[in-house]
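Bear in mind that the values in this text are calculations on the coordinates, not laboratory data. Note that this is a predicted model, so its numbers are computed, not measured. No Cβ is skipped: glycine too gets one built from the backbone with ideal geometry, and neighbour counts run over all protein chains shown.
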Amino acid sequence: MLSLNDDYLAKSADFSTQTIAIPKFDQSKISNSTKEKPVWVHFGGGNLFRCFHAKIAQDLINNHELTSGVTIAETYDDEVIEKIYNAYHNRILRVVMNSDGSLEKELLASVGEAVYFNQASEKGWNRLTEIFTKPSLQFATFSITEKGYALTDVSGALTQAAKEDIQNGPEKPKTNMGAIAHLLYARYNAGKLPIAMVSTDNFSQNGLKLETEVLRVAEGWLKNGFVDQEFIAYLKDPKKVSFPWTMIDRITPNPAQSVADRLKSSGFADTTILHTKKHTNIAPFGNTEKTHYLVIEDNFPNGRPQLEKAGVILTDRETVNDADQMKVTACLNPLHTALAIYGNLLDYTSIADELTDDDLLGLIKALGYKEDLPVVKDPKIINPKKFIDELITMRLPNKNIPDTPQRIASDTSQKIAIRYGVTIQHYLDDPQLDVTSLEFIPLVLAGWCRYLMGIDDNGNEFTQSPDPLLDNLKSYVAGINLSDDDQAKIHQALKPILANKSIFGNDLYQIGLGDIVEDYFKQLIAGKHAVRKTLHETVKNKK
Ligand SMILES: NC(=O)c1ccc[n+]([C@@H]2O[C@H](COP(=O)([O-])OP(=O)(O)OC[C@H]3O[C@@H](n4cnc5c(N)ncnc54)[C@H](O)[C@@H]3O)[C@@H](O)[C@H]2O)c1
Ligand SMILES: O=P(O)(O)OC[C@@H](O)[C@@H](O)[C@H](O)[C@H](O)CO
């Protein structure tokens, strides 16, 4: 059996027999230069990083475009560093799952160092702080999930941790954004060194969000006398600290047992999937799809490697924003979340299987083509109609991709405003359009309220995916039972959810959608199999 920890250069013939591509470089040299002259730090070493960013770095190192590797900084899950990075010499087996059933395998050794960067670990905290004082550091990327940026709670007020960070100053903040502001303060004190801070998380204007939240902490420190105005000026000077916007697209499911089994039977030993206490599902291997897009605003004040040589599109902010709005708010992620919600209610555990269900296929087609596409601005670099066509006909139905509605349903409360709220806002802003003409977005939002009940369409309980607001949201619908048809009771249960601007971007009642969602919800709870019936009738009538 071959292992990730084997000497891949000495055993290159064995790796070749198993059709595993190997690095063209000596990992120890790259690790040393990463430690001495770090260039690229990545926050959140989860599956997306392992399958996408790490491969970009590997291609650049292979082609001598990058002379040091990536430093992983994990702020959240210490098990990931210890049991997945360090235990395997920071290596990754990346598997691309083609639609013809074949697997493309590559051993990635582009991570040079992996650090648990959390105030609970003095060693990791000091090490990353030191890295941020190095002039060689050019940029940091992030894939820490949408909730990783939060400083406020559901009511829009600062969380307790955020208040404490602002109160206690830059030494040892607890929140991610406080910790990032701490690092930038160290970089400022090291000579106002330049850097690009590049969010690659799935939400519109992700760079702006990162910038706003870091500044929120820093300005709190200014007010409390911990930092001077010059630090704020440094953060706001794009020639010193930039926050480029990005669009990232690559369906990267959690590592799947089916892939582990295929690797094992081909003679690869490291296939144990780890489910951490903090709910990260991760393994020595990562599995991803072939299709991918990474579009980044070209604003790197300390320079950058030739990322375009590894397939990254570098462009201006407007084009990034258009591409991102196209993908995240219209042509992919809203369709994904619709499949996640209805997939759970209808007991699906595979996205590819859902695509064989005419009602679900009809739902995402109606959402994408009828309601989202008309308000999408063409980013020019990717054609929106072709993008949906490719998604619906090739990417989602790929049976070789083990993606699940359960993965996509995690943190839905954090994603609704982005995945549906932006389109709703376009309908509100355009005098030619009528927001109350929308049918499928309200059907999905009603489906989400139905999902919060934790009862599937057969009347059985199902396990909901993790979500920071889940307990709170579930409490509102706790008194609702299947077959309830008391409109006042339904209204009382749904009002605190549907009126919440931080979830939807608007109070849905104020814009005329609240009653439409309530109406669908009433149909969806009409009894067992009412979800199927409502979905079928709504989709059928619109074909
Ligand atoms: N997986 C995909 O298909 C995909 C594609 C495009 C974009 N994305 C973006 O990347 C993000 C991560 O996806 P993934 O597949 O790597 O997920 P994952 O579950 O494999 O990894 C999540 C990573 O984020 C960290 N994390 C989780 N909660 C955190 C918190 N509160 N604060 C800081 N770090 C936290 C985890 O420790 C882990 O490193 C997504 O949320 C999304 O924004 C994912
Ligand atoms: O990663 P999340 O949790 O923001 O969303 C789940 C999926 O919709 C997402 O990961 C997609 O697979 C991805 O956006 C495809 O590029």
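Electrostatic tally near E36: other residues with Cβ closer than 14 Å to its Cβ, Lys and Arg +1, Asp and Glu -1, net +3.
Qualifying trypsin sites (Lys or Arg not before Pro) in segment 145-244, where qualification requires a DSSP coil assignment and no more than 15 other C-beta atoms within 10 Å, comprise K192, K239. The value of relative contact order for the chain, using C-alpha pairs under 8 Å at least six residues apart, is 13 percent.
Taking only the Cα atoms of the chain, the radius of gyration and Dmax are 23.5, 72 Å.
Taking the square roots of 5 times each eigenvalue of the Cα gyration tensor of segment 12-315, largest first, gives ellipsoid semi-axes of 33, 20, 18 Å. Based on the reciprocal of the average 1/r between different C-alpha atoms, the Kirkwood radius for segment 239-280 equals 13.8 Å. Adding -39500 (n - 2.57) for every DSSP H run of four residues or longer, then dividing by how many residues the chain holds, sets the calculated 222 nm ellipticity at -11000 deg cm²/dmol. Each distinct pair of alpha carbons in segment 318-541 adds a 1/r term; the inverse of their mean, the Kirkwood radius, is 17.5 Å.
Share of pairwise Cα-Cα distances greater than 17 Å in segment 403-535 is 57 percent (whole percent).
Computed over segment 1-89, the P(r) curve from all C-alpha pair distances, binned at 10 Å from the origin, holds 15, 45, 35, 5 percent per bin. Near I144, once Lys and Arg are set to +1 and Asp and Glu to -1 for all other residues with Cβ below 13 Å from its Cβ, the sum equals -3. Its Cα gyration tensor gives segment 191-296 an equivalent ellipsoid. The semi-axes, each the square root of 5 times an eigenvalue, are 41, 17, 12 Å from largest down. Computed over neighbours whose Cβ is under 12 Å from that of N460, the net charge equals -3, Lys and Arg +1, Asp and Glu -1.
Whole-percent P(r), segment 363-475, all Cα pairs, 5 Å bins from 0: 2, 9, 16, 19, 19, 18, 10, 5, 1, 0.
Once the convex hull of all Cα atoms in segment 159-230 is built, its volume per residue stands at 91 Å³.
The listed peptides 342-350, 110-118, 318-326, ordered by packing as a protection proxy, come out as 110-118, 318-326, 342-350 (highest mean of other Cβ atoms within 10 Å first). Taking amide hydrogens as placed 1.01 Å from N in the peptide plane, the amide H of T159 sits under 5 Å from those of T152, D153, each at least 5 positions away in sequence or on another chain.
For segment 12-315, relative contact order (Cα pairs under 8 Å, six or more residues apart, normalised by length) works out to 21 percent.
Whole-Hz Karplus values for segment 445-450 come out as 5, 5, x, 5, 4, 5 Hz, taken residue by residue from phi with 6.51 cos²θ - 1.76 cosθ + 1.60 and θ = phi - 60°; glycine and proline positions read x.
Going from the residue with the fewest nearby Cβ atoms within 10 Å to the one with the most, C449, C331 rank C449, C331. Beta bridges assigned by DSSP with both partners in the chain are antiparallel in approximately 35 percent of cases.
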